Amino acid sequence: MDVTLVTALRDLLSGPVAVAIYRCVGEPGEQRWLTRARLNVADAVATADSLWVDPETLPRLADHPRRLECLTQRSVLQQREGSEWITTFPLATEREIVGVLELHSARRLNAEAQRMVASVLRIYHNFQGLLDYSERDTLTGLLNRKTFDESFLKAVSELPLRAQTLACQDRRHVGVHPRYWLGVIDIDNFKSINDRFGHLIGDEVLLLLSRLMRSSFRFNDLLYRFGGEEFVVLMRCEDEADAAHAFERFRLNTEEYAFPQVGRLTVSIGFTQIRAGDSPAAAFERADKAVYHAKGAGRNQVQSHATLVAQGSMIEARQLSDVELF
């Protein structure tokens, strides 16, 4: 949608030098600008930052004060910079301002052109709402199960290429290339929470847990609710230790959080590395088996499927089912 928006505005406006959408991402105090789509006048296709970009490489909000002013004031701003005029529009969701649209033009954008852009942004806003409704869980706002396959298969498609690249490089650099990991999170004894406090309180627990997930994981880790008390994380990091650390951080944050009325609760987590040629079902099955092992070993812990297999605590199936479950 962001690519479509910048393309449409470049075609509709007379003589824009560039059109771009920048999103505000990250935790408060560490927020940065993520380029969602940028199209220069001579470009055939828009460019954008990778979904898995290292946040440390992105510019901080303060590095672009004009965008930041537009974001905080929630108003259209115009400023001349050299031979160009730069006009910024705030981008809003139902709840907040999430970024800015930035237009570079040779001439100042007149009132009629500004009204036209504002009208297009209202349409964009409505479509974004429909997209969120279809792709996100209505209770938690996390991505829903039906959006999982596309992101998973995109990650898998990069693995063979990365493996070929590594084969041509010095072995000393092999470990620096990130890999993909899939984690399954299950709330311990969630049925007893519904039985004791009712489904309304159970829903509140799910909502609060989803907020803990957002604050515990990075902005570009993909967070899903698969239904009930089951959540999934798709992340990219360098090795198993980093993945385990991320899941352990969330487990600890959950254990230490005081849920209203319910009090303390815990989660069991299993995770696995995504392999070249993996299917969503195969990877999910491995992580899910690690979750069941965690529950059987006392709950409130993080287990790696690969480590369990290496320890002899679990036997890996020689041939995983070809049936696609998602």
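The lone criterion from (1) touching a residue at least 24 places away in the same chain (Cβ under 8 Å); (2) open to solvent by less than 50 Å² (accessible area, probe 1.4 Å) left unmet by Lys289 is number (2). Going by the conditions given, is Glu135 in contact with a helix residue (DSSP H, G or I) (Cβ under 6 Å, 6 or more places away or on another chain) and open to solvent by 50 Å² or more (accessible area, probe 1.4 Å)? Considered against the rule, which asks whether it is in contact with a helix residue (DSSP H, G or I) (Cβ under 6 Å, 6 or more places away or on another chain) and open to solvent by 50 Å² or more (accessible area, probe 1.4 Å), Glu135 comes out as yes.
When the stretch 250-278 is filtered for residues that are of a type in the set (Gly, Ala, Ser) and under 20 Å from the mean Cα position of the chain (by Cα), only Gly270 remains.
Within the stretch 1-49, the set of residues being among the polar types (S, T, N, Q) and either part of a helix (DSSP H, G or I) or at positive phi (or both) comprises Thr4, Thr7. Contact annotation: residue pairs with Cβ atoms under 7 Å, 6 or more positions apart or on different chains, pairing a residue in the stretch 241-258 that is more than 15 Å from Gly270 (Cβ to Cβ) with a partner that is surrounded by fewer than 13 Cβ atoms within 10 Å (Cβ to Cβ), are Glu255/Arg264; Ala258/Arg264. For the stretch 45-83, the set of residues classified as out of contact with any helix residue (DSSP H, G or I) (no Cβ under 9 Å at 6 or more places or on another chain), within 15 Å of Ala20 (Cβ to Cβ) and of a type in the set (A, V, I, L, M) consists of Leu58 only. Entry remark, the stretch 253-267: residues being surrounded by fewer than 15 Cβ atoms within 10 Å (Cβ to Cβ) and hydrophobic (A, V, I, L, M, F, W, C) number 1 in total.
Within the stretch 51-67, is there a residue that is among the hydroxyl-bearing types (Ser, Thr, Tyr), exposed (fewer than 13 other Cβ atoms within 10 Å of the Cβ) and within 30 Å of Val156 (Cα to Cα)? Yes: the stretch 51-67 contains one or more residues that are among the hydroxyl-bearing types (Ser, Thr, Tyr), exposed (fewer than 13 other Cβ atoms within 10 Å of the Cβ) and within 30 Å of Val156 (Cα to Cα). Annotation: of all residues in the stretch 23-38 being touching a strand residue (DSSP E or B) at 6+ places or on another chain (Cβ under 7 Å) and over 10 Å from Asp2 (Cβ atoms), the one that is modelled with the lowest pLDDT is Gly26.
Condition check ((1) open to solvent by 30 Å² or more (accessible area, probe 1.4 Å); (2) touching a helix residue (DSSP H, G or I) at 6+ places or on another chain (Cβ under 6 Å); (3) closer than 30 Å to Phe217 by Cα) across all residues:
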position: Asp2; (1), (2), (3): no, no, yes
position: Leu9; (1), (2), (3): no, no, no
position: Ser14; (1), (2), (3): yes, no, no
position: Ala20; (1), (2), (3): no, no, yes
position: Val25; (1), (2), (3): no, no, yes
position: Pro28; (1), (2), (3): yes, no, yes
position: Trp33; (1), (2), (3): no, no, yes
position: Leu39; (1), (2), (3): no, yes, no
position: Asp43; (1), (2), (3): yes, no, no
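The residues of the stretch 85-117 that are among the charged types (D, E, K, R) and either over 20 Å from Leu39 (Cβ atoms) or surrounded by fewer than 16 Cβ atoms within 10 Å (Cβ to Cβ) (or both), listed by number, are Glu94, Arg95, Glu96, Arg107, Arg108, Glu112, Arg115. Taking the stretch 92-108 as the range and being modelled with pLDDT of 90 or more and within 20 Å of Val25 (Cα to Cα) as the test, the residues that pass are Gly99, Val100, Leu101, Glu102.
Of the strands (runs of 3 or more DSSP E) lying entirely inside the stretch 66-162, those containing at least 2 residues that are closer than 30 Å to Arg211 by Cα and under 21 Å from the mean Cα position of the chain (by Cα) span 84-92, 97-105.
The values are calculated or read from the model by the stated rules, or taken from the named source; none is laboratory data. Quantities reported herein were computed from a predicted structural model and do not represent experimental measurements. Reconstructed Cβ throughout: ideal geometry from the backbone, glycine too, with neighbour counts over all protein chains shown. Please note that ligands, DNA and RNA were not included when accessible areas were found on the heavy atoms of the full protein model with its side chains. Shrake-Rupley method; radii C 1.70, N 1.55, O 1.52, S 1.80 Å.
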